[in-house]
Amino acid sequence: MKLPTKTPVRSYKTEFKKDETPLSEGGLWLNGRKDGIDWCDVVVKNGEAFGEVSRNQVKELRAEQATLGAGAAIGAAVGDYDDPTAVLTGQWGANQYGKVKVFSRNQTNAVFQEVQIRLRHNVKANFCNGYEVFFRILDTEEGYAEIVRWNGPVGGWTSLKKLIGKQYGVKDGDIIEASIVGNLITGYLNGEQKIQVVDDNIKSGAPGIGFNFGVGTTNTDHGVTSFEVHTYD
């Protein structure tokens, strides 16, 4: 079950009506470069929120992506991973639910376009930790769902679970949802549970959105047109 039956304590919804660089909506958002320094910002244009072009000059290479045609054959992740990031300000309950509507055009398997929902994130200068639940924006067998824990410094992250296949493929207009209740983290695609993992490391933080680094000028080809979040404690 995605949502508790009780009434949310705090909620926020947006359809990104105002063009902004970076996303602010009256100071309600923290951004990866403006506030976190080491990451990138989220931009809004024509009702679409997407990541700015990553400053990272190191191509993404991950061992588990070798079978997708763009990964390293062996070894650990390569790259700075300065993912465009935007996290809501203020205090949020630990049990969180987020939902986004995806936009996608000119899909490509040459890079790893991702839409990410952030849960329990904490952003300050040179530090960002929290959980992210995300899907590759590619409606093929090369699609994937993944849950990652950010540990604080840029590049300091841990993949908790990753699943690859057509059943995780995302197309224009799809709905991605994510929840964290206690230590249980779950991702959904179009109302269907797709990925779930347990992790006890991060107890609090704020929800938000993000996108993958290193997608070049395809950054404007994918993102979200709406976002909502609820907390229940």
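How many Å² of accessible area per residue for region 74-224, probe 1.4 Å?
Heavy-atom SASA per residue in region 74-224 reads 34 Å².
Just add up the charged neighbours of Arg136: K/R +1, D/E -1, any other residue whose Cβ is under 9 Å from the Cβ of Arg136. The partial results should precede the final answer.
Values: positive: none; negative: Glu114, Glu142, Glu146.
Net of charged neighbours comes to -3.
When the chain is fully extended, how far beyond the present Cα-Cα distance does Asn201 get from Asn126, taking 0.36 nm per residue of separation?
25.1 nm
Please give the Cα centre distance for region 122-191 versus region 16-35, rounded to the nearest Å.
21
Classify region 151-202 from the C-alpha gyration tensor, please: rounded if a/c falls under 1.5, else prolate or oblate depending on whether a/b exceeds b/c.
Taking the square roots of the gyration eigenvalues as a ≥ b ≥ c, region 151-202 is prolate.
Using a 1.4 angstrom probe on heavy atoms only, work out the carbon and sulfur share of the accessible area of the chain in %.
Carbon with sulfur: 50 percent of the solvent-accessible area.
What number comes out for accessible area per residue over region 1-52 if the probe is 1.4 Å? Units Å², please.
With the other protein chains kept in place, region 1-52 gives 57 Å² per residue.
Roughly how big is region 71-195's charge dipole about its Cα centre, with Cβ charges of +1 (Lys, Arg) and -1 (Asp, Glu), in debye to the nearest 20? Please report the intermediate quantities before stating the final value.
Working: 13 positive and 13 negative charges, 63 e Å.
Rounded to the nearest 20 debye, it is 300 debye.
Express the relative contact order of region 89-233 as a whole percentage, based on alpha carbon pairs under 8 Å and six or more residues apart in sequence.
Over region 89-233, the number comes to 37 percent.
Would you kindly derive the ³J(HN,Hα) couplings of region 178-188 from the backbone phi angles with the Karplus curve 6.51 cos²θ - 1.76 cosθ + 1.60 (θ = phi - 60°), listing them in order in whole Hz, with x for Gly and Pro?
8, 9, 9, 10, x, 10, 9, 10, 9, x, 10
Here are a few candidate values for Rg and Dmax of the Cα atoms in Å: [x] 17.3, 53; [y] 15.9, 48; [z] 16.9, 50. Which one was actually calculated from the structure I just gave you?
Read-out taken from this structure: [y].
Collect residues whose amide H, placed 1.01 Å from N in the peptide plane, falls under 5 Å from the amide H of Lys161; neighbours closer than 5 in sequence don't count.
For Lys161, whose amide H was placed from the backbone, the distant partners under 5 Å are Ile147.
Out of residues 5 or more away from Gln113 or on other chains, whose amide H comes under 5 Å of its own, with H placed 1.01 Å from N in the peptide plane?
Ile137
Around Ile202, what is the net charge, scoring Lys/Arg as +1 and Asp/Glu as -1 over all other residues with Cβ under 10 Å from its Cβ?
Around Ile202, the charge tally is +1.
Report, please, the projected area of region 122-233 averaged over directions, based on the convex hull of its C-alpha atoms, in nm². Spell out each step's value before the answer.
Values: hull surface 30.1 nm².
That works out to 7.5 nm², a quarter of the Cα hull's surface.
Kindly write out, for region 108-120 in residue order, the coupling ³J(HN,Hα) from the Karplus curve 6.51 cos²θ - 1.76 cosθ + 1.60 (θ = phi - 60°), rounded to whole Hz, with x marking Gly and Pro.
8, 9, 6, 9, 10, 5, 9, 10, 10, 9, 9, 10, 6
If amide H atoms are built 1.01 Å from N in the plane of the peptide, which residues on other chains or at least 5 residues away come under 5 Å of the amide H of Ser226?
Lys101
Of the residues Phe127, Phe50, Phe135, which exhibits the maximal mean-square fluctuation in a Gaussian network model of the chain defined by a 10 Å Cα contact cut-off?
Phe127
Would you work out which of Ile147, Gly36, Val181 lies farthest towards the positive end of the dipole of the chain, given +1 charges on the beta-carbon of Lys and Arg and -1 on that of Asp and Glu, about the Cα centre?
Of Ile147, Gly36, Val181, it is Val181.
Read phi for every residue in region 191-207 and hand back ³J(HN,Hα) as whole Hz from Karplus 6.51 cos²θ - 1.76 cosθ + 1.60, θ = phi - 60°, with x for Gly and Pro.
Taking θ as phi minus 60°, the curve returns x, 10, 5, 10, 8, 8, 7, 10, 8, 10, 7, 10, 9, 8, x, 10, x Hz for region 191-207.
The values are calculated or read from the model by the stated rules, or taken from the named source; none is laboratory data. No experiment lies behind these values; they were computed from the predicted model shown. Positions of Cβ are generated from backbone atoms using ideal geometry, with glycine treated the same way; all protein chains shown enter the neighbour counts. Areas reflect the complete protein model, heavy atoms only, side chains present, ligands, DNA and RNA absent. Shrake-Rupley method; radii C 1.70, N 1.55, O 1.52, S 1.80 Å.
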